[in-house]
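The values are calculated or read from the model by the stated rules, or taken from the named source; none is laboratory data. Keep in mind that what you see is a predicted model, and the values were worked out from it rather than measured. Reconstructed Cβ throughout: ideal geometry from the backbone, glycine too, with neighbour counts over all protein chains shown. Only protein heavy atoms, including side chains, enter the accessible area calculation; ligands, DNA and RNA are left aside. Shrake-Rupley method; radii C 1.70, N 1.55, O 1.52, S 1.80 Å.
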Amino acid sequence: MKGERKVEIIEESWRTILLYVVIIIIFRFIGQRGINQLNVIDLVVVLMISELGVVAIEDTGESLLHQLVPILILTLIQIGLTYIQLKSQKLRRVLDGQPIIVIRQGKIDEKQMKKSRYNLDDLLLQLRDKNIGDIREVDYAILEPSGTLSVFKKSESKDKSGSVFLLPLVIDGIIQEKHLNLINKNSSWLFNELKQRGYKDVKRILYCSFLNGQLFVDIKNE
(Lines give C-alpha, C1' and ligand atoms only; values in the text may rest on other atoms or scores of the structure.)
Protein backbone atom coordinates (compact mmCIF):
# COMPACT_ATOMS: atom_id res chain seq x y z
CA MET A 1 0.00 0.00 0.00
CA LYS A 2 2.79 2.34 0.98
CA GLY A 3 4.68 1.31 -2.16
CA GLU A 4 1.71 2.21 -4.37
CA ARG A 5 1.33 5.58 -2.66
CA LYS A 6 5.04 6.27 -3.13
CA VAL A 7 4.80 5.47 -6.84
CA GLU A 8 1.75 7.75 -7.12
CA ILE A 9 3.60 10.62 -5.42
CA ILE A 10 6.58 10.18 -7.75
CA GLU A 11 4.20 10.10 -10.77
CA GLU A 12 2.47 13.32 -9.66
CA SER A 13 5.81 14.99 -8.95
CA TRP A 14 7.36 14.42 -12.37
CA ARG A 15 4.05 15.32 -14.08
CA THR A 16 3.97 18.56 -12.09
CA ILE A 17 7.54 19.45 -13.07
CA LEU A 18 7.02 18.53 -16.72
CA LEU A 19 3.70 20.40 -17.05
CA TYR A 20 5.15 23.42 -15.27
CA VAL A 21 7.95 23.61 -17.84
CA VAL A 22 5.59 22.96 -20.78
CA ILE A 23 3.04 25.58 -19.70
CA ILE A 24 5.73 28.20 -19.02
CA ILE A 25 7.15 27.59 -22.52
CA ILE A 26 3.65 27.80 -24.01
CA PHE A 27 2.85 31.11 -22.31
CA ARG A 28 6.21 32.57 -23.32
CA PHE A 29 5.61 31.40 -26.88
CA ILE A 30 2.08 32.80 -27.04
CA GLY A 31 3.16 36.36 -26.23
CA GLN A 32 4.59 38.93 -23.85
CA ARG A 33 1.44 40.50 -22.43
CA GLY A 34 1.29 41.21 -18.73
CA ILE A 35 -1.59 39.96 -16.59
CA ASN A 36 -3.28 43.39 -16.61
CA GLN A 37 -3.10 43.45 -20.43
CA LEU A 38 -4.91 40.18 -21.06
CA ASN A 39 -8.08 40.44 -23.12
CA VAL A 40 -11.07 38.11 -22.69
CA ILE A 41 -9.73 35.56 -25.19
CA ASP A 42 -6.31 35.49 -23.52
CA LEU A 43 -7.90 35.05 -20.11
CA VAL A 44 -10.09 32.16 -21.29
CA VAL A 45 -7.07 30.39 -22.80
CA VAL A 46 -4.99 30.91 -19.65
CA LEU A 47 -7.75 29.54 -17.42
CA MET A 48 -8.43 26.54 -19.68
CA ILE A 49 -4.77 25.61 -20.01
CA SER A 50 -4.29 25.98 -16.26
CA GLU A 51 -7.30 23.75 -15.54
CA LEU A 52 -6.17 21.14 -18.05
CA GLY A 53 -2.74 21.19 -16.43
CA VAL A 54 -4.23 20.51 -12.99
CA VAL A 55 -6.29 17.61 -14.35
CA ALA A 56 -3.23 16.15 -16.07
CA ILE A 57 -1.28 16.25 -12.79
CA GLU A 58 -4.01 14.62 -10.72
CA ASP A 59 -5.24 12.03 -13.24
CA THR A 60 -2.21 9.73 -13.23
CA GLY A 61 -4.25 6.89 -14.74
CA GLU A 62 -4.47 8.68 -18.10
CA SER A 63 -1.60 8.98 -20.56
CA LEU A 64 0.14 12.34 -20.18
CA LEU A 65 0.56 12.55 -23.95
CA HIS A 66 -3.20 12.39 -24.45
CA GLN A 67 -3.72 15.05 -21.79
CA LEU A 68 -1.25 17.36 -23.52
CA VAL A 69 -3.21 17.25 -26.80
CA PRO A 70 -6.00 19.71 -25.79
CA ILE A 71 -3.37 22.05 -24.27
CA LEU A 72 -1.43 22.07 -27.54
CA ILE A 73 -4.65 22.58 -29.55
CA LEU A 74 -5.53 25.64 -27.45
CA THR A 75 -2.00 26.93 -27.93
CA LEU A 76 -2.22 26.59 -31.71
CA ILE A 77 -5.61 28.32 -31.77
CA GLN A 78 -4.25 31.22 -29.70
CA ILE A 79 -1.14 31.56 -31.87
CA GLY A 80 -3.30 31.49 -35.00
CA LEU A 81 -5.61 34.20 -33.65
CA THR A 82 -2.61 36.31 -32.62
CA TYR A 83 -1.16 36.06 -36.13
CA ILE A 84 -4.49 37.00 -37.75
CA GLN A 85 -4.83 39.93 -35.35
CA LEU A 86 -1.47 41.26 -36.53
CA LYS A 87 -2.91 41.41 -40.04
CA SER A 88 -6.44 42.60 -39.24
CA GLN A 89 -7.25 45.70 -37.22
CA LYS A 90 -10.97 44.85 -37.36
CA LEU A 91 -10.36 41.49 -35.69
CA ARG A 92 -8.17 43.18 -33.06
CA ARG A 93 -11.02 45.52 -32.24
CA VAL A 94 -13.48 42.63 -31.96
CA LEU A 95 -11.23 40.50 -29.74
CA ASP A 96 -9.33 43.17 -27.82
CA GLY A 97 -11.87 45.96 -27.85
CA GLN A 98 -10.86 49.56 -28.48
CA PRO A 99 -10.15 52.66 -26.40
CA ILE A 100 -13.24 54.62 -25.35
CA ILE A 101 -13.21 58.31 -24.50
CA VAL A 102 -15.16 58.69 -21.25
CA ILE A 103 -14.25 62.33 -20.57
CA ARG A 104 -14.14 64.71 -23.51
CA GLN A 105 -12.98 68.29 -22.98
CA GLY A 106 -13.80 68.15 -19.29
CA LYS A 107 -17.29 66.61 -19.70
CA ILE A 108 -18.24 63.02 -18.91
CA ASP A 109 -19.55 61.10 -21.92
CA GLU A 110 -22.46 59.22 -20.33
CA LYS A 111 -23.33 57.41 -23.54
CA GLN A 112 -19.87 55.87 -23.80
CA MET A 113 -19.88 55.08 -20.09
CA LYS A 114 -23.11 53.09 -20.42
CA LYS A 115 -21.91 51.42 -23.59
CA SER A 116 -18.79 50.14 -21.87
CA ARG A 117 -20.67 49.34 -18.60
CA TYR A 118 -18.26 51.61 -16.77
CA ASN A 119 -19.76 53.38 -13.79
CA LEU A 120 -19.01 56.75 -12.22
CA ASP A 121 -17.57 55.24 -9.05
CA ASP A 122 -14.94 53.35 -11.08
CA LEU A 123 -14.12 56.50 -13.01
CA LEU A 124 -13.67 58.61 -9.87
CA LEU A 125 -11.59 55.88 -8.23
CA GLN A 126 -9.19 55.70 -11.17
CA LEU A 127 -8.97 59.49 -11.32
CA ARG A 128 -8.05 59.58 -7.63
CA ASP A 129 -5.37 56.95 -8.31
CA LYS A 130 -3.87 59.51 -10.68
CA ASN A 131 -4.07 62.28 -8.06
CA ILE A 132 -6.94 64.04 -9.83
CA GLY A 133 -9.65 65.23 -7.46
CA ASP A 134 -11.72 67.34 -9.85
CA ILE A 135 -13.05 66.25 -13.24
CA ARG A 136 -12.68 69.84 -14.41
CA GLU A 137 -8.90 69.28 -14.44
CA VAL A 138 -9.31 66.62 -17.12
CA ASP A 139 -9.38 67.40 -20.82
CA TYR A 140 -9.57 63.80 -22.06
CA ALA A 141 -9.82 60.47 -20.24
CA ILE A 142 -9.57 57.28 -22.27
CA LEU A 143 -10.65 53.89 -21.00
CA GLU A 144 -8.20 51.41 -22.52
CA PRO A 145 -9.21 47.85 -23.55
CA SER A 146 -7.20 46.53 -20.61
CA GLY A 147 -9.41 48.52 -18.20
CA THR A 148 -6.80 51.12 -17.31
CA LEU A 149 -7.62 54.82 -17.58
CA SER A 150 -5.37 57.19 -19.53
CA VAL A 151 -5.86 60.79 -18.39
CA PHE A 152 -4.74 64.03 -20.02
CA LYS A 153 -5.05 67.22 -18.02
CA LYS A 154 -6.16 70.45 -19.65
CA SER A 155 -2.74 71.97 -19.05
CA GLU A 156 -0.87 69.18 -20.84
CA SER A 157 -3.13 67.24 -23.17
CA LYS A 158 -2.84 69.54 -26.18
CA ASP A 159 0.00 71.13 -28.01
CA LYS A 160 -0.13 74.47 -29.84
CA SER A 161 -1.79 72.88 -32.85
CA GLY A 162 -4.56 71.35 -30.74
CA SER A 163 -3.37 67.76 -31.19
CA VAL A 164 -4.30 65.22 -28.55
CA PHE A 165 -1.49 62.99 -27.29
CA LEU A 166 -1.44 59.24 -27.94
CA LEU A 167 -4.15 59.25 -30.59
CA PRO A 168 -2.60 58.03 -33.84
CA LEU A 169 -4.11 59.11 -37.14
CA VAL A 170 -3.09 55.98 -39.08
CA ILE A 171 -2.57 52.45 -37.77
CA ASP A 172 -1.60 49.59 -40.09
CA GLY A 173 -2.66 51.58 -43.14
CA ILE A 174 -6.12 52.40 -41.74
CA ILE A 175 -7.14 56.01 -41.09
CA GLN A 176 -8.49 56.60 -37.58
CA GLU A 177 -11.46 58.86 -38.33
CA LYS A 178 -12.43 59.28 -34.67
CA HIS A 179 -8.98 60.59 -33.84
CA LEU A 180 -9.09 63.02 -36.75
CA ASN A 181 -12.39 64.36 -35.46
CA LEU A 182 -10.80 65.03 -32.08
CA ILE A 183 -8.34 67.47 -33.64
CA ASN A 184 -11.00 68.94 -35.94
CA LYS A 185 -9.47 67.44 -39.07
CA ASN A 186 -10.72 65.04 -41.75
CA SER A 187 -9.31 62.39 -44.07
CA SER A 188 -8.98 64.86 -46.96
CA TRP A 189 -6.71 67.04 -44.84
CA LEU A 190 -4.65 64.00 -43.87
CA PHE A 191 -4.31 62.81 -47.48
CA ASN A 192 -3.11 66.26 -48.55
CA GLU A 193 -0.60 66.49 -45.69
CA LEU A 194 0.78 63.04 -46.44
CA LYS A 195 0.94 63.71 -50.17
CA GLN A 196 2.93 66.93 -49.59
CA ARG A 197 5.46 64.87 -47.65
CA GLY A 198 5.75 62.22 -50.37
CA TYR A 199 3.44 59.58 -48.88
CA LYS A 200 0.91 58.76 -51.59
CA ASP A 201 -0.31 55.36 -50.35
CA VAL A 202 -1.82 55.35 -46.85
CA LYS A 203 -1.88 51.55 -46.82
CA ARG A 204 1.93 51.53 -46.72
CA ILE A 205 1.94 53.54 -43.47
CA LEU A 206 2.35 51.53 -40.29
CA TYR A 207 1.85 54.47 -37.91
CA CYS A 208 1.17 58.19 -38.24
CA SER A 209 0.63 60.82 -35.54
CA PHE A 210 0.34 64.62 -35.47
CA LEU A 211 2.02 66.79 -32.85
CA ASN A 212 3.34 70.35 -32.72
CA GLY A 213 2.16 70.88 -36.29
CA GLN A 214 4.30 67.97 -37.49
CA LEU A 215 3.34 64.58 -38.87
CA PHE A 216 5.32 61.60 -37.71
CA VAL A 217 5.16 58.75 -40.23
CA ASP A 218 6.53 55.22 -39.94
CA ILE A 219 6.40 53.16 -43.13
CA LYS A 220 5.81 49.42 -43.05
CA ASN A 221 8.87 47.16 -43.40
CA GLU A 222 11.36 50.02 -43.21
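Expressed as a fraction of 2.2 N^0.38 Å, the C-alpha radius of gyration for segment 175-222 is 1.08.
Here Lys87 is the anchor, and the lysines within straight C-alpha reach of less than 23 Å, apart from those fewer than 8 places off in the same chain, are Lys178, Lys200, Lys203, Lys220. Based on DSSP H segments of at least four residues, each scored -39500 (n - 2.57), the chain has a per-residue ellipticity at 222 nm of -16500 deg cm²/dmol.
If the only charges are +1 at each Lys and Arg Cβ and -1 at each Asp and Glu Cβ, what is the size of the charge dipole of the chain around the Cα centre, to the nearest 20 debye?
On the way: 31 positive and 27 negative charges, 240 e Å.
Roughly 1160 debye, rounded to the nearest 20.
Quick check: the distance between the Cα centres of segment 80-151 and segment 191-208, to the nearest angstrom? Segment 80-151 and segment 191-208 have Cα centres spaced 28 Å from each other.
Give me the 1.4 Å probe accessible area per residue for the chain, excluding ligands and nucleic acids, in Å². Intermediate results must be reported in sequence, preceding the final value.
Numbers: 14720 Å² over 222 residues.
In whole numbers, the chain has 66 Å² accessible per residue.
With the convex hull of the Cα atoms taken as the outline of the chain, the averaged projected area works out to 17.0 nm².
Basic side chains Lys and Arg get +1 at the Cβ, acidic Asp and Glu get -1 at the Cβ, and with that the dipole of segment 73-160 about its Cα centre reaches some 380 debye.
Taking amide hydrogens as placed 1.01 Å from N in the peptide plane, the amide H of Gln98 sits under 5 Å from that of no residue at least 5 positions away in sequence or on another chain.
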